[in-house]
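A short write-up of the structure that comes next.
The values are calculated or read from the model by the stated rules, or taken from the named source; none is laboratory data. The shown structure was predicted, so the numbers you read here are calculated from the model rather than taken from an experiment. FYI the Cβ positions are ideal-geometry reconstructions off the backbone, even for glycines, and counts take in every protein chain you see. Surface accessibility is based on the protein's heavy atoms, side chains included, excluding ligands, DNA and RNA. Shrake-Rupley method; radii C 1.70, N 1.55, O 1.52, S 1.80 Å.
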Amino acid sequence: MPRISIVAKDGTVFEIQAESRTSVMENAVRNSVPGIEAECGGACACATCHVYVDDAWQEKVGPPGPMEADMLDFAYDVRPNSRLSCQIRIADALDGLVVHVPERQS
Ligand code: FES
């Protein structure tokens, strides 16, 4: 099971054993990570699951898809490493992934 780390805005690190094919957002919600609101439940329709992918992981995670990129327009303080966590699927290749929760959601 891949291990991921989600860093909350206060610096608390949530280390989570994540099942493959679940999303980063689902793991954040299940583990009560503060700051991941996920209002649309993962439908790529709210942008309240915004995260910053750690620099070391940006290439492996890749860029947002077209629908996700459109939705990111509604997120707060979007950066080149911004992704919607409901659109990042856990896979073995992402073992060790680190993402950061922004200061606030949209
Ligand atoms: S949970 Fe709504 S866009 Fe990700």
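Some points to look at:
- Taking Lys and Arg as +1 and Asp and Glu as -1, the other residues whose beta-carbon sits under 13 Å from that of ARG21 total -2.
- Value of relative contact order over the chain, rounded to a whole percent, pairs C-alpha under 8 Å and six or more apart: 40 percent
- Across the chain, the longest piece that holds none of the trypsin sites (Lys or Arg not before Pro) lying in DSSP loops with up to 14 other C-beta atoms within 10 Å covers 22-103.
- Each helix, a run of at least 4 DSSP H residues, gives -39500 (n - 2.57); summed and divided by the residues of the chain, these come to -4000 deg cm²/dmol at 222 nm.
- Percent of Cα pairs in the chain per distance bin of 10 Å, from zero to the largest separation: 17, 56, 27, 0.
- Accessible surface of region 23-106 [probe 1.4 Å, protein heavy atoms]: carbon and sulfur percent: 49 percent
- Signed unit charges on C-beta, dipole axis of the chain, positive-most listed residue THR22, ALA56, ILE36: THR22
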